[in-house]
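Notes follow the structure.
Nothing in this text is a laboratory measurement; each read-out follows from the coordinates by a stated rule. Owing to the predicted nature of the structure, the values given are computational and were not obtained by experimental measurement. All Cβ positions, glycine included, derive from the backbone under ideal geometry; neighbour counts span all protein chains shown.
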Amino acid sequence: MVRIVSAVVIAAYIAAAITLLPSFSPIAAAAPTSVGQKADRLPIRSVTAACAAQNWPNIDVSCLRSDSRHSIQPARLVTSDRS
């Protein structure tokens, strides 16, 4: 009987502590954040009208790369022909 009463009293103290301790914490104030410019963004290249009018997946290869020094190499050819 003593164990049950002491367990209930300890549980009541823990519940009171959990309920009352957050009220002692400081109140958070909302402040505007400073917006800085990110330094890791890629440069935005201009898109021609011919490239902007194309739909996915029918996009011309010249619209995919702005730098002509690098070639696009296909990784693999996927077909639905099972013959």
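The order of the peptides 3-14, 20-31 by mean Cβ neighbours within 10 Å, most packed first, is 3-14, 20-31. The modelled label-to-label distance for the pair residue 18/residue 80, using points 7 Å beyond Cα in the direction of Cβ, is 5.8 nm. Applying 0.36 nm per residue to the separation of residue 4 and residue 47 and subtracting their alpha-carbon distance, the gain on full extension is 7.9 nm.
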